[in-house]
Amino acid sequence: MPSTPAAAARQILIRLQEVMAARTGAQAKLNKVVEIIGESLSSEVCSIYLVREGVLELFATRGLKQEAVHVTRMAMGEGLVGLIATNVETMNLDEAASHPDFSYRPETGEELFHSFAGVPIVRRERAIGVLCVQHAEPRKYEEVEIEALQTVAMVMSELIANAELADDSPTDLRVTDTGTTMLHGLQLVMGMGRGHVVFHQPRVHIEHTVAEDTEAERQRVISAFAKMREQIDRMTGAAEFGMEGEHQEVLETYKMFAYDEGWSRRINEAIDSGLTAEAAIERVQQRTRMRMRQIDDPLLSDRMHDLEDLANRLLRIVSGQLGTAAQMGLRQDAVLIARNLGPAELLEYDRRRLKGVILEEGSLTAHVTIVARAMGVPVLGRVRDIRHLVNEGDLILMDVTDNSLLIRPTADMEEAFENRLHVTQKRRAEFVAMRDLPSVTADGQRVELMVNAGLREDAQALDMVGADGIGLFRTEFQFLVSATLPQREKQQRLYKDVLDAAGDRPVIFRTVDIGGDKALPYMQRDDDDEHEDNPAMGWRALRLALDRDGLMKAQARALLEAAAGKVLHVMFPMVSEPWEYEQARALIEHQRAWLHSRKKKLPIAVRYGAMLEVPALAEVLDILLPQLDFLSVGTNDLTQFLFAADRSHPRLAERYDWLSIAILRFLDRVVRTCETYQVPVGVCGEMGGRTLEAMALVGLGIRRLSITPASVGPVKAMIRAIDANELQAEMRALLDGGVRDVRTRLIAWAKDRHIEVG
């Protein structure tokens, strides 16, 4: 087997070209293909499954029983092959039968084989088949072999599509449904918008995958890269938002990807394997998509979305298919529809006409979300199959705040939307008028309202919404949008800018929470090959920082020097036991002493806190609290750990309520313990940003909430309307009575007192 993926794939493609050019039937060609791949990879089995009428059918094999061809069938999602096709992902196993989704088919004779590797055969972003290899001896296939398989699968997609052997649903079919439809998604940028559907871009269809002249293809890519970089420089240089902000740093990071030599090198390696320029770009893009599907945390996958956006741009340039909706121009008020968008692509649109963006993907920390927020464009993400549910020109009413999307609304719905828009604008004006009023209950109890942040521009929100400070500054954002480990000086500049923007208001810096499903490419573990089945509960946050104390020492120095002359608030994430907190605090104190010995300017005080996310910590609060200045409850992770339920799992996302009696009783016990030791306790999870849930927290005795800036106005209005003593009595009755449906009871309580809760 050749030592590089390019050489391995090229060796196979040279032989495949002869097969594809031969005047034989498609079945004969596939039979020859499995022979060539099996021989080239020294694999005893090579099989091709194709999607026919929604089912995967064994079409050709070398090594399995021939009588199984066109007999063995599997549903999408069934067995290893079905899983690969459904998830459009690669699989590499040294013992196939040990996988929980393994499906034994006796007619194939596959019980003789242990190792298994499979790659999807992709066309128009969907799997139309699976190419897999098997070996009698248990072993993982090498990376060079997997990449060769992926390249061959891409060339095969052209052969299969031309022979019409597999289902190949076109992406440009018109939607026949003309009725009103309501959809929901993930709230990314709040706001309301009314406009007509515009699709961001047509899909670039690649006609030829095998190169005739690799040097000519390489020159096409070099020229396309130069043109793309020129476009990016022009767009990012012309972007105007009216104020400084993190979006500018995002655009600089985006430019960095455009100039990334590693990315262009991978494309050139794909050309070396025998692919055309278009196919090489698509080949690397497919690999990026597969990596994105394996990343659970949206923060890290956002970095991959930038490469996806740039690949789309490069593909349009090299193919000559340059048309996007932005270049065509928006003729009327529009709502943009896309699978995903990059920040530079959004900048191309006319802000006067663009009333909203709807994405099939997207996340709260995606670069396009940051730029859209700066532009004031509402965005709703993760709206499944939206591109196949609407037609160009359909009217859409989007209300991100209410998480609703109306497609082809009736006249009555339009009128109701306009009325709601008017009320929303009026309500927003009331929140602005309330901005400088204190967050105090009707019976005079003070509740601190702070904001969650992670970007330099987030500090601007303090004055805009009248917040009391930053209750959670996520320092890992800077690490996740950077291609290399941020230098201490760069970290220090960010922290100082945030502290300066906050003025006299406190900023609580959470030390870096990376690792697990937020693994960084420039920070590898010693045992990096070891797969983490539960990354949220794995080697991450404080666990990682204590193991890699060089990272934490650099961050400690950056924080201490940035806060010179001020009070520094530091909070440690994912604390499980008191000794972890003690070790982390000692590390910062050691850096503080080291800086003092060198006569560096230091904070006038350092206040230490811990996050309660791991339920075990609640059992040792009597040991920990005497050492703490404050405690913050992270309700996002805490909820999933308490219920043993992944909060990102679609089937479980709505199953466990934050107003569950179990969570409320847990929090009540924590609050009472903190009161005993006179340690302030707050909540910095998403729970505190919802008015009804925030009301429950105030009823438990919590007097500090750290929430999104958009939530400050509604939560403050609620706080100023309640009688805290009366509310606490109601909460005590609900907890002691073990009421199953706390939510309904609290809604009724608020309604009786004319308190607005969402």
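The values are calculated or read from the model by the stated rules, or taken from the named source; none is laboratory data. Nothing here was measured: the structure is a model prediction, and the numbers come from that model. No Cβ is skipped: glycine too gets one built from the backbone with ideal geometry, and neighbour counts run over all protein chains shown.
Summary table below
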{"item": "Glu18 vs. criteria touching a strand residue (DSSP E or B) at 6+ places or on another chain (Cβ under 9 Å), surrounded by fewer than 20 Cβ atoms within 10 Å (Cβ to Cβ) and at pLDDT below 90", "result": "no"}
{"item": "Among the candidates Asp172, Asp213, residue that is closer than 23 Å to Ile281 by Cβ, modelled with pLDDT of 65 or more and surrounded by fewer than 14 Cβ atoms within 10 Å (Cβ to Cβ)", "result": "Asp213"}
{"item": "Tabulated pairs, region 84-101, first at pLDDT below 85, second loosely packed, with under 15 Cβ neighbours inside 10 Å and not aromatic (Phe, Trp, Tyr), C-beta under 6 angstrom, 6+ apart or interchain", "result": "Glu89/Arg293"}
{"item": "Filter result (charged (D, E, K, R) and not in a helix (DSSP H, G or I)) within region 570-604", "result": "Glu577, Arg598, Lys599, Lys600, Lys601"}
{"item": "Number of the condition not met by Pro409 [criteria: (1) at pLDDT 75 or above; (2) buried (at least 21 other Cβ atoms within 10 Å of the Cβ)]", "result": "(2)"}
{"item": "Filter pass, Ala710 being in contact with a Gly (Cβ under 6 Å, 6 or more places away or on another chain), buried (at least 19 other Cβ atoms within 10 Å of the Cβ) and not in a strand (DSSP E or B)", "result": "no"}
{"item": "Qualifying residue in region 742-756 (condition: among the hydroxyl-bearing types (Ser, Thr, Tyr) and not in a helix (DSSP H, G or I))", "result": "no"}
{"item": "Answer residue from region 713-740, given it is assigned to a loop (DSSP other than H, G, I, E, B) and among the aliphatic types (A, V, I, L, M) and is surrounded by the most Cβ atoms within 10 Å (Cβ to Cβ) among those", "result": "Ile722"}
{"item": "When residues of region 414-455 are limited to those that are free of Cβ contacts under 8 Å to residues at least 24 places away in the same chain and part of a loop (DSSP other than H, G, I, E, B), the one nearest to the chain's Cα centre (by Cα)", "result": "Pro438"}
{"item": "Residue that is modelled with the highest pLDDT, among those in region 647-680 that are part of a loop (DSSP other than H, G, I, E, B) and exposed (fewer than 12 other Cβ atoms within 10 Å of the Cβ)", "result": "Gln678"}
{"item": "Long-range neighbours under 9 Å by Cβ, at least six apart or interchain, first residue at pLDDT 95 or above within region 689-702, second aromatic (Phe, Trp, Tyr)", "result": "Met695/Trp749; Ala696/Trp658"}
{"item": "Strands (runs of 3 or more DSSP E) (entirely within region 21-84) containing at least 2 residues that are buried (at least 21 other Cβ atoms within 10 Å of the Cβ) and within 34 Å of the chain's Cα centre (by Cα)", "result": "45-52"}
{"item": "Count of residues meeting criterion [over 18 Å from Ala136 (Cα atoms) and outside any helix (DSSP H, G or I)] in region 85-105", "result": "5"}
{"item": "When residues of region 458-475 are limited to those that are closer than 17 Å to Val512 by Cβ and out of contact with any Pro (no Cβ under 8 Å at 6 or more places or on another chain), the one surrounded by the fewest Cβ atoms within 10 Å (Cβ to Cβ)", "result": "Arg474"}
{"item": "Cβ pairs under 8 Å, 6+ apart, first in region 471-484 and more than 17 Å from Phe630 (Cβ to Cβ) and at pLDDT below 60, second aliphatic (A, V, I, L, M) and not in a strand (DSSP E or B)", "result": "Val481/Val250; Ala483/Met256"}
{"item": "Selection within region 681-707 - of a type in the set (S, T, N, Q) and either in a helix (DSSP H, G or I) or in contact with a Pro (Cβ under 6 Å, 6 or more places away or on another chain) (or both)", "result": "Thr691"}
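Conditions tested, residue by residue: (1) touching a Gly at 6+ places or on another chain (Cβ under 6 Å); (2) modelled with pLDDT under 80.
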residue	(1), (2)
Thr176	no, yes
Gly193	yes, no
His208	no, yes
Gln219	no, no
Ile222	no, no
Glu244	no, yes
Phe257	no, yes
Trp263	no, yes
Ile267	no, no
